[in-house]
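This report refers to the structure that appears directly beneath it.
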Amino acid sequence: MRHFAPGETVVRRDVHRSGRVWSEHALRVVADTGEALLVACPPGAGTRWPTLYVEARAVGDRTVRTEAFEAMATGRWELTAAVWQETEVLLWKPPAEWFGVNAFYTEGGLRNWYVNFEHPTTRTEGGFDTLDLTVDLVVAPDLTSWQWKDEDEYAHVRRLGIVTDLEHRAVDTARDRALAMIEERSGPFADAATWAAWRWNPSWPTPVLPRDGRSGAAAAHPVTGGQP
């Protein structure tokens, strides 16, 4: 398995079962251990998202986002170059888990934790592949409260067949594991104070997508600091 060095740029790709790339996000490695890959980015990091998804963010219309998932179900979509905005993000991703834990930071510090339910990772030469399964868990900075997010979209992608019954069962198990991790203060939550104090290392250049044809020639558009 490829080991990544601290400071190295890697690309997280969401890859549809057809093999087509759904999104790309340039990140920089903080640590790569046997337990998890820890990566991060500041505002300005290079990304590519489905064009309809970028449009939905630009106009604030979630119905366009629904159209993006319908395009995903048909296997027909285009990608648009974009940049990450507003938040610094620190991502903890254990290779075999059906979730990753994100921490989002603004000028005021840790804004919230965000558990993203997604495929286990497959390492690539330039980073790792996974697939966001839409449902998320938003957790307060002090870990005292949480709420589910995008349950409606999750139901929609289930209807569309994007999330299979097998994946759904894996997500249900992962929900329980993530909640237990929060309650037990294990994984990244075991040292929440250190995570709360983390900030992007200003000596690191902002990560960009490699110029190998995947990034495309479309103009960059802002993407706000939430999850896709």
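The phi torsions of segment 104-119, fed into the Karplus equation with coefficients 6.51, -1.76 and 1.60 and a -60° offset, translate into couplings of 10, 10, 10, 4, x, x, 5, 7, 5, 8, 8, 8, 9, 8, 7, 5 Hz, rounded to whole numbers, with Gly and Pro shown as x. Put simply, the amide H of residue 10, placed in the peptide plane, has neighbours under 5 Å in 27, 28, 29, leaving out anything fewer than 5 places away on its chain. Expressed as a whole percent, the accessible surface of segment 65-170 that belongs to carbon and sulfur atoms is 51, based on a 1.4 Å probe.
Each Lys or Arg adds one and each Asp or Glu takes one away; over the other residues whose Cβ falls under 11 Å from the Cβ of residue 67, this sums to -1. Remark: segment 38-174 is approximated by an ellipsoid whose semi-axes, taken from the C-alpha gyration tensor as √(5λ), come to 22, 20, 17 Å, largest first. Here the chain is assigned +1 on the Cβ of each Lys and Arg and -1 on the Cβ of each Asp and Glu. Its dipole about the Cα centre then comes out at about 500 debye. Using every pair of separate Cα atoms, the Kirkwood estimate puts the hydrodynamic radius of segment 97-151 at 12.3 angstrom. Annotation: amide H of residue 81 within the under-5 Å range of 218, sequence separation 5 or more or interchain, hydrogens built in the peptide plane. Note on segment 1-98: along the principal axes its Cα atoms extend 39, 31, 19 Å, ordered by decreasing extent. Quick one: compute the contact order of the chain, relative version, from alpha carbon pairs under 8 angstrom and 6+ residues apart, as a percent. Relative contact order of the chain: 23 percent. Computed over protein heavy atoms with a 1.4 Å probe, the accessible surface of segment 76-137 works out to 32 Å² per residue.
The values are calculated or read from the model by the stated rules, or taken from the named source; none is laboratory data. Being a predicted model, the structure only gives us computed values, none of them experimental. Cβ: placed from backbone, ideal geometry, glycine included. Neighbour counts: every protein chain shown. Just the protein is used for accessible areas: all its heavy atoms, side chains included, with ligands, DNA and RNA removed. Shrake-Rupley method; radii C 1.70, N 1.55, O 1.52, S 1.80 Å.
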